[in-house]
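Chemist: One structure, as structure tokens, below. Some questions next.
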Amino acid sequence: MNRKILATIILILFQILAVTSAGCFESSTSAKLGDYAKDYLQGSKYTKLIIEIDYVEGFPPSNQALDTLRSRMYSYCDKPEGILIIPNSIPKSSSTYSDDDIRDLEDEHRNYHMKGSDIVAYVLYLNGVYSTNDDALGLAYGASSIAIFKEKIDNADIPFWATNQVDNTDYEKSVLIHEFGHLLAMVNIGYESERNHEDIHKHHCINEKCVMYYSIETVSIITLITQSNPLPPSDFDDDCRHDLNMLKIGGY
Ligand SMILES: [Zn+2]
Ligand SMILES: [Zn+2]
């Protein structure tokens, strides 16, 4: 065969292969929680972050929580082309959600996947409760996927003496940032911190003033409301920041 024709055929085959693998990248079941942490944090491969939020009708995210999320992501993730938040409503289909129900909803409604220089985080805002733990306020269940139990957050108790200083939107901020923290591999998901700050509740931080403290993602968040510190934490402490930065610069 003519060498020029052979080279052309090889090039076409290579291009078909490249397109196919890019399109299928995230549908692969091999990606686990924490696997995209460096892709979220670093700015070289993925320069834009798309946060797709599908919320059950009547349970939208609060604007204040989204503002806090946007500002935290800008602080920790290097995304020179920006962060785009895209909310959409979906019909109510249940009042109790299992892992399979949550994955099915994502399969049905998710529109955005990693493509070119865009990386995506997918957030489901749900009514009702998580079937595995009906005290759960949030859940990170995939390398790029989070569920927020908004109705549960809206109904979570606040100590009567703190109602002038705290409202349920403050809970929502903390839960949302906490679950994003798990997407960013906090704590010790697929890396080992050089600082000893992982709690006995795995993949959480020992510092109750850190957003990665374990009780933030359940109704036990109420125990963090104290006279001296009425607001639940919505930011990472020094140890978690150290890990985020190490992942960002390739130190882990
Ligand atoms: Zn957690
Ligand atoms: Zn921490």
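The values are calculated or read from the model by the stated rules, or taken from the named source; none is laboratory data. As the structure is a computational prediction, the values presented were derived from the model and not from experiment. Heads up, the Cβs are rebuilt from the backbone with ideal geometry, glycines too, and the neighbour counts pull from every protein chain shown. Note: areas computed on protein heavy atoms with side chains; ligands, DNA, RNA excluded. Shrake-Rupley method; radii C 1.70, N 1.55, O 1.52, S 1.80 Å.
Chemist: State yes or no: is LEU244 surrounded by 14 or more Cβ atoms within 10 Å (Cβ to Cβ) and more than 10 Å from ligand 2 (Cβ to nearest atom)?
Modeler: Values: surrounded by 14 or more Cβ atoms within 10 Å (Cβ to Cβ): yes; more than 10 Å from ligand 2 (Cβ to nearest atom): no.
No; evaluated as a whole, the condition is false for this residue.
Chemist: Of the residues that make up segment 45-62, is at least one free of Cβ contacts under 8 Å to residues at least 24 places away in the same chain and over 14 Å from the mean Cα position of the chain (by Cα)? Break it down stepwise before answering.
Modeler: Initial filter on segment 45-62 (free of Cβ contacts under 8 Å to residues at least 24 places away in the same chain): none.
For segment 45-62, residues free of Cβ contacts under 8 Å to residues at least 24 places away in the same chain and over 14 Å from the mean Cα position of the chain (by Cα): absent.
Chemist: So, one more: Tally the residues that are over 18 Å from ALA162 (Cβ atoms) and assigned to a helix (DSSP H, G or I), restricting the search to segment 200-252.
Modeler: Qualifying residue count, segment 200-252: 14.
Chemist: Does GLU172 qualify as being open to solvent by 40 Å² or more (accessible area, probe 1.4 Å), modelled with pLDDT of 95 or more and more than 12 Å from ligand 1 (Cβ to nearest atom)?
Modeler: On the way: open to solvent by 40 Å² or more (accessible area, probe 1.4 Å): no; modelled with pLDDT of 95 or more: yes; more than 12 Å from ligand 1 (Cβ to nearest atom): yes.
When the stated conditions are applied, GLU172 does not pass them.
Chemist: Being touching a residue at least 12 places away in the same chain (Cβ under 8 Å) and farther than 22 Å from MET73 by Cβ is the filter; apply it to segment 184-196 and report the residue that is most open to solvent (accessible area, probe 1.4 Å).
Modeler: Looking only at segment 184-196, we keep the residues that are touching a residue at least 12 places away in the same chain (Cβ under 8 Å), and these are 184-195.
Filter again for farther than 22 Å from MET73 by Cβ, leaving 192, 194-195.
Details: GLU192: 151, GLU194: 123, ARG195: 80 Å².
By that ranking, first place goes to GLU192.
Chemist: Let me ask something else about it. On the given criteria, is ASP157 surrounded by fewer than 24 Cβ atoms within 10 Å (Cβ to Cβ), of a type outside the set (A, V, I, L, M) and touching a residue at least 24 places away in the same chain (Cβ under 8 Å)? Give the steps one after another, and end with the answer.
Modeler: Details: surrounded by fewer than 24 Cβ atoms within 10 Å (Cβ to Cβ): yes; of a type outside the set (A, V, I, L, M): yes; touching a residue at least 24 places away in the same chain (Cβ under 8 Å): yes.
The answer is yes for ASP157.
Chemist: For segment 209-237, give me the residue count where each residue is touching a helix residue (DSSP H, G or I) at 6+ places or on another chain (Cβ under 6 Å), charged (D, E, K, R) and within 11 Å of ligand 2 (Cβ to nearest atom).
Modeler: Matching residues across segment 209-237 total 0.
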